[in-house]
1. Which condition number in (1) assigned to a helix (DSSP H, G or I); (2) closer than 20 Å to residue 41 by Cβ; (3) at pLDDT 95 or above is the one that residue 114 fails?
2. Suppose we filter 89, 116, 61 for residues that are within 14 Å of the chain's Cα centre (by Cα) and more than 19 Å from residue 6 (Cβ to Cβ); which single one remains?
3. Considering only the range 125-145, I want to know if a residue exists there that is closer than 21 Å to residue 32 by Cα and free of Cβ contacts under 8 Å to residues at least 60 places away in the same chain.
4. How many residues does the range 237-262 hold that are buried (at least 20 other Cβ atoms within 10 Å of the Cβ), in a loop (DSSP other than H, G, I, E, B) and under 20 Å from the mean Cα position of the chain (by Cα)?
5. If you take the residues of the range 95-107 that are part of a loop (DSSP other than H, G, I, E, B) and within 22 Å of the chain's Cα centre (by Cα), which of them is surrounded by the most Cβ atoms within 10 Å (Cβ to Cβ)?
6. Take the range 181-194 and flag every residue that is touching a residue at least 12 places away in the same chain (Cβ under 8 Å) and assigned to a loop (DSSP other than H, G, I, E, B).
7. Taking the range 167-177 only, how many residues are part of a loop (DSSP other than H, G, I, E, B) and closer than 18 Å to residue 61 by Cα?
8. Check whether at least one residue in the range 135-152 is outside any loop (DSSP other than H, G, I, E, B) and surrounded by 18 or more Cβ atoms within 10 Å (Cβ to Cβ), and report yes or no.
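The values are calculated or read from the model by the stated rules, or taken from the named source; none is laboratory data. Since this is a predicted model, take the numbers as computed values, not measurements. Cβ atoms come from the backbone with ideal geometry, glycine included; neighbour counts cover every protein chain shown.
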């Protein structure tokens, strides 16, 4: 199992410094939340790419329903080429919060799901190259040969991890159709990450059955567990391929201290 760490809304110089330290200390990935307004995650990850050579760099996560998919594809592919193929994109509907609704009206879950599905289709098509066109309910893309960029290093696309909610067939079917699962369980207070290896194992069973039913291989498909722990062997046994350390109420100094102690034991 590989281990990464989320850097909570740090500025670009701190992101680059922490990423360099994480690589030195044996971490496999560094991840950032992509805010609607704030420090630009892709600029900060670019700074990190310039200071590292092997650690993977990505978002946890990008609310794709908020952004134009061609903008996201341009940034992701550019960074993938710059970093030598080390980029990871994570996407979901995006939880509505004041940092979003301060700029845009509240949108329904169904609308965000439609934008996410069409956004992923456009992202994938553009990653695969021209000629590409798309006609959906929200997005219309015409074939263009206007200075098309070179392809990303990772083919057929920079891989995508997608949020999937256990027990919601549409959500899980979407997630298993891509490259990795960011598992959620539905609780009384809304969706959340699995709080135990046992909860994760139940999600993995559902995901594996769904992916197999679609004729897609399970080998090479990622399952991401997230939280704080010193030993994550049980999460790996439950089916996780990545452990992502995340603590949103922290400081640059405390994150650097945590990075220095190294990834949790697997």
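1. (2)
2. Working: 89 fails: more than 19 Å from residue 6 (Cβ to Cβ); 61 fails: more than 19 Å from residue 6 (Cβ to Cβ).
Checking each option against the conditions leaves just 116.
3. Within the range 125-145, not a single residue is closer than 21 Å to residue 32 by Cα and free of Cβ contacts under 8 Å to residues at least 60 places away in the same chain.
4. 2
5. Applying the filter and picking the extreme gives 107.
6. Correct list: 193, 194.
7. At the first step, the residues of the range 167-177 found to be part of a loop (DSSP other than H, G, I, E, B) are 167-168, 177.
Among the residues that remain, those that are also closer than 18 Å to residue 61 by Cα are: 177.
Total satisfying the criteria: 1.
8. no
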